[in-house]
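S.K.: What follows is a single structure, and I will ask about it in a moment.
The values are calculated or read from the model by the stated rules, or taken from the named source; none is laboratory data. Computed from a prediction, not measured in an experiment: that's the story for all the values here. Here the Cβ positions follow ideal geometry from the backbone for every residue, glycine too, while neighbour counts run over all protein chains shown.
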Amino acid sequence: MDVTRGLLASVCFRPIADISEGCLTDAMGSVARVGALVAMVVCTACFGCTRGQAEQAGSHRFAVPEDYRIPESDRPFFLAPSDDDGFTFILNPTTALAQQVLVGVDTKANICRRAAGTEAYVNSTVCAASPLQWRGRELRRSGDAVFWNYALVGPEQVVLINCSQVSGPAKGLCMASLPFGDLVLTVHIDDTEVGRLAADYDAATALLRKWQR
């Protein structure tokens, strides 16, 4: 996980893809100043613990092991406290910090209610009338050096992945919101990992099925 992901993963405790590009611009202004603090917070999490703690998204409850969580007690001041409906976990906590991935979990109802009447990207993906068919689809990149996206090639040209440039190494911070039953998973990766999106999604859904109570 790039040390900036904790900030962008929890703006108003919302998966980033249901936020407009203007909100992303505001959040990016704080990334450079808080990156080091996020790294310290994540590194001090209890990666040796195994006892699960209950997290909830809608009617679903999950016993999330401590090493996959970012504890509330260690949550930086700039991240809004999580409520009882939705959470974020670390997909691969035992890997090197730079390769860790955050996954936001929320209900489709929450995501689509917040996005209704806005230009949020999820209106054409997880909130669309027709189910999103994204696996195995070719992606086309467009945008500029600051904001860019990957859209599904086809008549609809639906944007699947949104990316923003961050300070530091020449790579972007990207996110994609994908359906999982009546839930939405927002997977946060960097631009070099776009080709692994399906594998990360599968790993996240396998963990959630294992943790569900």
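S.K.: Restricting attention to the range 190-212, report how many residues are more than 15 Å from the chain's Cα centre (by Cα) and either of a type in the set (S, T, N, Q) or surrounded by 10 or more Cβ atoms within 10 Å (Cβ to Cβ) (or both).
M.R.: 7
S.K.: Take the range 191-213 and flag every residue that is touching a residue at least 40 places away in the same chain (Cβ under 8 Å) and under 13 Å from residue 92 (Cβ atoms).
M.R.: Once the filter is applied, which keeps residues that are touching a residue at least 40 places away in the same chain (Cβ under 8 Å) and under 13 Å from residue 92 (Cβ atoms), the range 191-213 yields 193, 200, 203, 204, 207.
S.K.: Name the residue that is farthest from the chain's Cα centre (by Cα), counting only residues in the range 108-121 that are among the small types (Gly, Ala, Ser), in a loop (DSSP other than H, G, I, E, B) and surrounded by fewer than 19 Cβ atoms within 10 Å (Cβ to Cβ).
M.R.: Applying the filter and picking the extreme gives 117.
Here is a yes/no grid of residues against (1) of a type in the set (Val, Ile, Thr); (2) in a strand (DSSP E or B); (3) touching a His at 6+ places or on another chain (Cβ under 6 Å):
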position: 123; (1), (2), (3): no, no, no
position: 142; (1), (2), (3): no, yes, no
position: 156; (1), (2), (3): no, no, no
position: 177; (1), (2), (3): no, yes, no
position: 187; (1), (2), (3): yes, yes, no
position: 193; (1), (2), (3): no, no, no
position: 200; (1), (2), (3): no, no, no
position: 203; (1), (2), (3): no, no, no
position: 208; (1), (2), (3): no, no, no
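S.K.: Hey, another quick one. Name the one entry in 159, 184, 166, 146 that is of a type in the set (Val, Ile, Thr), at pLDDT below 90 and on the phi < 0 side of the Ramachandran plot.
M.R.: Unique residue meeting the criteria: 166.
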